[in-house]
Amino acid sequence: MLALVAPREHFVQSQACISARMQLKFSAEQNLPSSMMIQKQDDSYSVLIPGLPEDLAKICLALVPRSHFAVMSSVSKSWMSFIGSREFIAVRKEIGKIEEWIYVLTAGTGGQGSRWEVLGSLDQKKRILPPMPGPNKAGFGVVVLDGKLFVMAGYAADHGKEFVSDEVYRYDAFLNRWTALAKMNVARRDFACAEVNGVIYAAGGFGPDGDSLCSVEAYNPQQNKWILIQSLRRPRWGCFACGLNDKLYIMGGRSSFTIGNSRSVDVYDPDRQAWEEIKRGCVMVTSHAILEKRLFCIEWKNQRSLATFNPADNSWQRIPVPLTGSSSTRFCLGVLGMKVLLFSLEEEPGYQTLMYDPAAPTGCKWQTSQLKPSGSCICCVTIEV
């Protein structure tokens, strides 16, 4: 049956891997938290491939290349359930089959709306995602969790009237489809959001009446539920968030129309369920990315340097960005293959994507990449599947 969804050579080459894993009595469930353990007796995918032990069947499915996932999901409900699960990612990581792709939201041309496209290796064609449900929005939040893309809230215009949304949609990179999720407790736009230890957080922003918010809520994907948690000490909007060292960091943006941009950093510890404040932050960040527990960001006032933050000692470092022939170039940051990519936010003929490699020798850290979105880059995320 597997031969129907994947080339035979993938399995021939992997026989040694399967044999070794069987000898080790591999079980991906042992790598998951107790709250994520699968109870086989009542599980909807307790029998994946009749006649094979479950651990071996899971490895067989995880060995299939990603391009076949959508077809595989139509074979049976048990396959669809397993392919869409967190355990599937754990198995693929264990056998070394994880693939890394960049998902870029590009601005449409000729009056067309924005669209998500997938950038992989240079020998692969760009793939376009199905359109996002609902009206085109701005000021929304984007988070990646367990191989899935979450798009939250934002605001849109309907018949000339703007409204702020509380809607949440999830794109499943395995099954290539969007799903509507539970709505947020507070409709918001221009807020900060990030994932920490399997929980998605949304903080601050503007509400439906244009009021600035200090409320914070957390989303549990297993329960499909948003709950309000302890609020920020002060309202904050235009900010961004990231998960570092098992904590939620909120930086940039503003807290008042009459006071300048905020350099304070709000840090939330989920274990203590409490906030603390760090004074040394950055302001008006236009794009950011996380690579190996370091934050890389571009500030609005200085597009010619990368600001990097190390949470171990709360220190900052500046990395000059080489000139590209245009003093007005603005960037959107992405991560692929342990490198930081700088996609241009402006249409420039002949522009090549800049690429920064922190592990390269001095003098070789900056290179160019031929990976390039088809239009102006609004935002991008990296998904491993």
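Things to note:
- Virtual spin-label span in nm between W366 and I227, 7 Å along Cα→Cβ: 4.8 nm
- Computed from backbone phi, the HN-Hα couplings of segment 135-148 come to x, 5, 10, 10, x, 8, x, 10, 9, 10, 8, 6, x, 10 Hz, rounded to whole numbers (Karplus: 6.51 cos²θ - 1.76 cosθ + 1.60, θ = phi - 60°; Gly and Pro given as x).
- Among G243, S256, A203 the positive-end extreme of the charge dipole of segment 193-299 (Cβ point charges): S256
- The H on the amide N of F174, modeled in the peptide plane, is under 5 Å from the matching H of no residue at least 5 residues off or on a different chain.
- In terms of the mean number of neighbouring beta-carbon atoms within 10 Å, the peptides 131-143, 272-284 order highest first as 131-143, 272-284.
- Stretching the chain fully between V71 and S374 yields a gain of 106.4 nm (0.36 nm per residue, less the alpha carbon separation).
- Using the Cβ-Cβ distance between A182 and D313 with R0 set to 35 Å, the FRET efficiency works out to roughly 0.35.
- FRET efficiency, R304 to A359 (Cβ-Cβ, R0 30 Å, nearest 0.05): 0.85
- When the Cα gyration tensor is reduced to axis lengths a ≥ b ≥ c, the ratio a/c is 1.5 or higher for segment 133-283, and with a/b not above b/c it is classed as oblate.
- Summed residue charge, Cβ within 15 Å of V186's Cβ, Lys/Arg positive, Asp/Glu negative: -1
- Of all lysines in the structure, those lying under 19 Å Cα to Cα from K372, and not within fewer than 8 positions of it along the same chain, are K125, K126, K339.
- Under the Karplus curve 6.51 cos²θ - 1.76 cosθ + 1.60, θ = phi - 60°, whole-Hz ³J(HN,Hα) for segment 198-215, x wherever Gly or Pro sits: x, 10, 9, 10, 10, 9, x, x, 10, x, x, 8, x, 7, 6, 10, 10, 5
- Label-point separation, E384 to Y169 (7 Å along Cα→Cβ), nm: 2.7 nm
We did not get these values from a lab; they are worked out from the coordinates using the rules stated. On a predicted model such as this, the values are computed, not experimentally measured, just so you know. Please note: Cβ atoms are built from the backbone with ideal geometry, for glycine as well, and neighbour counts cover all protein chains shown.
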